Amino acid sequence: MKIKSKTTIIAIFLVVIVTILTSTGQIFIKQGLNLTYDFYSILNINLFSGMVLYGIGLVIMLLALRQGEASVLSPILSLSYIWVVFLAFFVFGEILNVYKILGILIIFFGVSLIGVGGRR
Amino acid sequence: MNTPLWTIFVVIFATVFAAFAAVFLKKSSDNLAFNLKFFFSKTLILSLVLYGISTIFYFIALKFGELSILYPMVASVYIWICLLSRKMLGENMNFLKWVGIAFIILGVTFLGLGA
(Lines give C-alpha, C1' and ligand atoms only; values in the text may rest on other atoms or scores of the structure.)
Protein backbone atom coordinates (compact mmCIF):
# COMPACT_ATOMS: atom_id res chain seq x y z
CA MET A 1 0.00 0.00 0.00
CA LYS A 2 1.38 3.38 -0.94
CA ILE A 3 2.16 5.62 2.04
CA LYS A 4 0.95 9.16 1.42
CA SER A 5 3.48 11.81 2.41
CA LYS A 6 1.83 14.10 4.88
CA THR A 7 3.08 17.28 6.47
CA THR A 8 4.94 16.88 9.76
CA ILE A 9 4.64 19.20 12.72
CA ILE A 10 8.36 19.90 12.42
CA ALA A 11 7.82 21.14 8.87
CA ILE A 12 5.09 23.51 10.04
CA PHE A 13 7.29 24.73 12.91
CA LEU A 14 10.17 25.37 10.50
CA VAL A 15 7.94 27.37 8.18
CA VAL A 16 6.83 29.54 11.13
CA ILE A 17 10.51 30.22 11.78
CA VAL A 18 10.90 31.11 8.10
CA THR A 19 8.05 33.62 8.33
CA ILE A 20 9.74 35.32 11.28
CA LEU A 21 13.06 35.46 9.43
CA THR A 22 11.63 36.78 6.18
CA SER A 23 9.44 39.34 7.94
CA THR A 24 12.42 40.71 9.85
CA GLY A 25 14.45 40.60 6.66
CA GLN A 26 11.72 42.51 4.85
CA ILE A 27 11.83 45.27 7.47
CA PHE A 28 15.62 45.45 7.21
CA ILE A 29 15.41 45.72 3.43
CA LYS A 30 12.72 48.38 3.65
CA GLN A 31 14.88 50.32 6.08
CA GLY A 32 17.88 49.75 3.88
CA LEU A 33 16.07 51.14 0.85
CA ASN A 34 14.91 54.14 2.89
CA LEU A 35 18.53 54.94 3.67
CA THR A 36 19.61 54.74 0.04
CA TYR A 37 20.29 58.19 -1.32
CA ASP A 38 23.12 57.57 -3.78
CA PHE A 39 24.82 54.74 -5.58
CA TYR A 40 27.22 53.85 -2.78
CA SER A 41 24.68 53.96 0.03
CA ILE A 42 22.84 51.02 -1.47
CA LEU A 43 25.50 48.78 0.03
CA ASN A 44 24.38 49.32 3.59
CA ILE A 45 24.20 46.95 6.52
CA ASN A 46 20.40 46.91 6.59
CA LEU A 47 20.09 45.68 3.05
CA PHE A 48 22.79 43.10 3.64
CA SER A 49 21.22 41.83 6.86
CA GLY A 50 17.84 41.59 5.16
CA MET A 51 19.23 39.49 2.36
CA VAL A 52 21.10 37.24 4.76
CA LEU A 53 17.88 36.62 6.66
CA TYR A 54 16.10 35.77 3.43
CA GLY A 55 18.91 33.39 2.52
CA ILE A 56 18.69 31.57 5.84
CA GLY A 57 14.92 31.48 5.43
CA LEU A 58 15.32 29.86 2.02
CA VAL A 59 17.47 27.07 3.42
CA ILE A 60 15.09 26.37 6.30
CA MET A 61 12.15 26.44 3.87
CA LEU A 62 13.88 23.80 1.78
CA LEU A 63 14.35 21.67 4.87
CA ALA A 64 10.67 22.08 5.71
CA LEU A 65 9.50 21.20 2.21
CA ARG A 66 11.27 17.88 2.48
CA GLN A 67 8.78 16.82 5.10
CA GLY A 68 5.68 18.61 3.98
CA GLU A 69 3.37 19.47 1.14
CA ALA A 70 3.72 22.74 -0.75
CA SER A 71 -0.06 23.25 -0.63
CA VAL A 72 0.11 23.22 3.18
CA LEU A 73 3.44 24.93 3.88
CA SER A 74 3.15 27.78 1.39
CA PRO A 75 -0.10 29.22 2.80
CA ILE A 76 1.48 29.11 6.27
CA LEU A 77 3.96 31.65 4.90
CA SER A 78 1.10 34.14 5.01
CA LEU A 79 1.87 34.44 8.73
CA SER A 80 4.52 36.92 7.62
CA TYR A 81 1.69 39.33 6.79
CA ILE A 82 0.95 39.29 10.52
CA TRP A 83 4.54 39.78 11.68
CA VAL A 84 5.11 42.60 9.20
CA VAL A 85 2.10 44.50 10.57
CA PHE A 86 3.51 44.33 14.11
CA LEU A 87 7.08 45.06 13.04
CA ALA A 88 5.95 48.02 10.93
CA PHE A 89 4.14 49.33 13.99
CA PHE A 90 7.18 49.10 16.25
CA VAL A 91 9.85 50.12 13.73
CA PHE A 92 8.08 52.61 11.45
CA GLY A 93 5.22 53.66 13.69
CA GLU A 94 2.56 52.45 11.23
CA ILE A 95 -0.76 52.54 13.04
CA LEU A 96 -2.73 49.49 14.04
CA ASN A 97 -6.37 49.94 13.12
CA VAL A 98 -9.35 47.61 13.49
CA TYR A 99 -8.99 46.40 9.90
CA LYS A 100 -5.44 45.23 10.53
CA ILE A 101 -6.33 43.55 13.81
CA LEU A 102 -9.29 41.81 12.23
CA GLY A 103 -7.18 40.79 9.26
CA ILE A 104 -4.52 39.36 11.56
CA LEU A 105 -7.06 37.27 13.46
CA ILE A 106 -8.68 35.97 10.29
CA ILE A 107 -5.35 35.08 8.68
CA PHE A 108 -4.31 33.28 11.84
CA PHE A 109 -7.54 31.33 11.82
CA GLY A 110 -7.08 30.44 8.16
CA VAL A 111 -3.52 29.26 8.75
CA SER A 112 -4.72 27.11 11.65
CA LEU A 113 -7.33 25.49 9.43
CA ILE A 114 -4.69 24.69 6.83
CA GLY A 115 -2.43 23.29 9.50
CA VAL A 116 -5.17 20.94 10.65
CA GLY A 117 -6.38 20.19 7.15
CA GLY A 118 -2.88 19.34 6.03
CA ARG A 119 -2.51 16.68 8.65
CA ARG A 120 -5.67 14.82 7.70
CA MET B 1 -4.74 57.13 -6.32
CA ASN B 2 -7.07 54.63 -7.89
CA THR B 3 -5.96 51.27 -9.14
CA PRO B 4 -5.15 51.10 -12.86
CA LEU B 5 -6.33 47.92 -14.53
CA TRP B 6 -2.87 47.01 -15.71
CA THR B 7 -1.60 46.73 -12.14
CA ILE B 8 -4.20 44.04 -11.47
CA PHE B 9 -3.06 42.08 -14.50
CA VAL B 10 0.57 42.48 -13.50
CA VAL B 11 -0.20 41.16 -10.02
CA ILE B 12 -2.10 38.14 -11.36
CA PHE B 13 0.81 37.49 -13.70
CA ALA B 14 3.20 37.72 -10.78
CA THR B 15 1.18 35.35 -8.61
CA VAL B 16 1.26 32.68 -11.32
CA PHE B 17 5.04 33.02 -11.53
CA ALA B 18 5.29 32.85 -7.75
CA ALA B 19 3.09 29.76 -7.63
CA PHE B 20 5.30 27.94 -10.11
CA ALA B 21 8.30 29.08 -8.11
CA ALA B 22 6.84 27.52 -4.96
CA VAL B 23 6.13 24.22 -6.68
CA PHE B 24 9.60 24.10 -8.22
CA LEU B 25 11.10 24.89 -4.82
CA LYS B 26 9.27 21.92 -3.36
CA LYS B 27 10.51 19.75 -6.23
CA SER B 28 14.09 20.87 -5.72
CA SER B 29 13.96 20.17 -1.98
CA ASP B 30 13.90 16.46 -2.73
CA ASN B 31 17.55 16.73 -3.70
CA LEU B 32 18.61 19.06 -0.92
CA ALA B 33 22.31 18.87 -0.19
CA PHE B 34 24.69 21.42 1.21
CA ASN B 35 26.91 21.54 -1.83
CA LEU B 36 27.29 23.62 -4.96
CA LYS B 37 25.66 20.95 -7.11
CA PHE B 38 22.35 21.46 -5.34
CA PHE B 39 22.52 25.25 -5.15
CA PHE B 40 23.10 25.38 -8.89
CA SER B 41 20.51 22.75 -9.75
CA LYS B 42 18.05 23.60 -12.52
CA THR B 43 14.90 23.34 -10.42
CA LEU B 44 16.24 25.54 -7.65
CA ILE B 45 17.60 28.17 -10.05
CA LEU B 46 14.30 28.16 -11.94
CA SER B 47 12.39 28.61 -8.70
CA LEU B 48 14.57 31.53 -7.58
CA VAL B 49 14.41 33.22 -10.99
CA LEU B 50 10.61 32.93 -11.01
CA TYR B 51 10.47 34.31 -7.47
CA GLY B 52 12.71 37.18 -8.52
CA ILE B 53 10.56 38.02 -11.54
CA SER B 54 7.35 37.90 -9.50
CA THR B 55 8.90 40.15 -6.84
CA ILE B 56 9.83 42.73 -9.45
CA PHE B 57 6.29 42.64 -10.86
CA TYR B 58 4.78 42.98 -7.38
CA PHE B 59 7.03 45.94 -6.71
CA ILE B 60 5.99 47.69 -9.91
CA ALA B 61 2.29 46.99 -9.50
CA LEU B 62 2.17 48.05 -5.84
CA LYS B 63 3.85 51.34 -6.75
CA PHE B 64 0.94 52.30 -8.97
CA GLY B 65 -2.00 50.46 -7.43
CA GLU B 66 -3.75 50.50 -4.08
CA LEU B 67 -3.02 47.87 -1.46
CA SER B 68 -6.72 47.40 -0.73
CA ILE B 69 -7.30 45.98 -4.21
CA LEU B 70 -3.94 44.37 -4.91
CA TYR B 71 -3.26 42.70 -1.57
CA PRO B 72 -6.04 40.12 -1.90
CA MET B 73 -4.96 39.37 -5.45
CA VAL B 74 -1.45 38.71 -4.19
CA ALA B 75 -2.89 36.29 -1.64
CA SER B 76 -4.57 34.37 -4.46
CA VAL B 77 -1.15 32.83 -5.07
CA TYR B 78 -2.11 30.15 -2.58
CA ILE B 79 -5.00 29.10 -4.82
CA TRP B 80 -2.62 28.62 -7.75
CA ILE B 81 -0.16 26.76 -5.54
CA CYS B 82 -2.87 24.32 -4.46
CA LEU B 83 -4.00 23.72 -8.03
CA LEU B 84 -0.44 23.39 -9.36
CA SER B 85 0.72 21.14 -6.54
CA ARG B 86 -2.21 18.86 -7.23
CA LYS B 87 -1.22 18.59 -10.90
CA MET B 88 2.57 18.63 -10.59
CA LEU B 89 3.24 17.15 -7.17
CA GLY B 90 0.25 14.89 -6.67
CA GLU B 91 -0.80 16.63 -3.49
CA ASN B 92 -4.41 16.27 -2.46
CA MET B 93 -6.71 19.06 -1.46
CA ASN B 94 -9.44 18.81 1.12
CA PHE B 95 -12.27 20.97 2.37
CA LEU B 96 -10.36 22.37 5.37
CA LYS B 97 -7.44 23.45 3.21
CA TRP B 98 -9.68 25.36 0.80
CA VAL B 99 -11.59 27.01 3.63
CA GLY B 100 -8.30 27.94 5.28
CA ILE B 101 -7.11 29.59 2.07
CA ALA B 102 -10.42 31.42 1.75
CA PHE B 103 -9.95 32.82 5.26
CA ILE B 104 -6.36 33.83 4.52
CA ILE B 105 -7.48 35.75 1.43
CA LEU B 106 -10.26 37.36 3.48
CA GLY B 107 -7.81 38.31 6.21
CA VAL B 108 -5.34 39.76 3.71
CA THR B 109 -8.20 41.77 2.19
CA PHE B 110 -8.81 43.34 5.60
CA LEU B 111 -5.10 44.12 5.92
CA GLY B 112 -5.26 45.81 2.55
CA LEU B 113 -8.25 47.85 3.64
CA GLY B 114 -6.42 48.82 6.81
CA ALA B 115 -3.34 50.03 4.99
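The values are calculated or read from the model by the stated rules, or taken from the named source; none is laboratory data. Predicted model only: the values in this text are computed from it and were never measured. Calculation scope for accessible area: heavy atoms of the full protein, side chains included, ligands and nucleic acids excluded. Shrake-Rupley method; radii C 1.70, N 1.55, O 1.52, S 1.80 Å.
Here are the numbers for this structure:
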item	result
Contact surface B-A: accessible area buried, both sides summed, square angstrom, 1.4 angstrom probe	3100
Using alpha carbons only: equivalent-ellipsoid semi-axes of chain B, gyration tensor based, whole Å	28, 19, 10
Accessible area of the protein assembly as shown belonging to carbon and sulfur atoms, whole % at 1.4 Å probe	75
Solvent-accessible area per residue, Å², over the protein assembly as shown with all protein chains present [probe radius 1.4 Å]	54
Links that overshoot a 26 Å alpha carbon limit, given the list B:27/B:97; A:100/B:97; A:100/B:26; A:6/B:27	A:100/B:26
Interface residues in the stretch B:86-110 - accessible area drops by 40 Å² or more relative to the isolated chain, probe 1.4 Å	B:91, B:92, B:96, B:97, B:103, B:104, B:110
Residue of A:103, A:25, A:57 that the Gaussian network model of chain A assigns the largest fluctuation, springs spanning Cα pairs under 10 Å	A:103
Length released on extending from residue B:89 to residue B:8, taking residue separation times 0.36 nm less the Cα-Cα span	26.3 nm
Two-decimal Rg/Rh across chain A, once Rg and the Kirkwood Rh are taken from alpha-carbon atoms	1.07
Distance histogram in 5 Å bins (all Cα pairs of the stretch B:63-115, percent per bin)	5, 20, 24, 19, 14, 10, 6, 2
In sequence order, calculated HN-Hα J values of the stretch A:103-108 (Karplus, 6.51, -1.76, 1.60; Hz; x Gly/Pro)	x, 4, 4, 5, 4, 4
Binned Cα-Cα distance frequencies in the protein assembly as shown - 5 Å width, integer %	1, 7, 13, 18, 21, 19, 12, 6, 3, 1, 0, 0, 0
Angle between chain A longest axis and helix A:9-34 axis [Cα atoms, degrees, rounded to 10]	20
Residue of A:15, A:85, A:98 that the Gaussian network model of chain A assigns the largest fluctuation, springs spanning Cα pairs under 10 Å	A:98
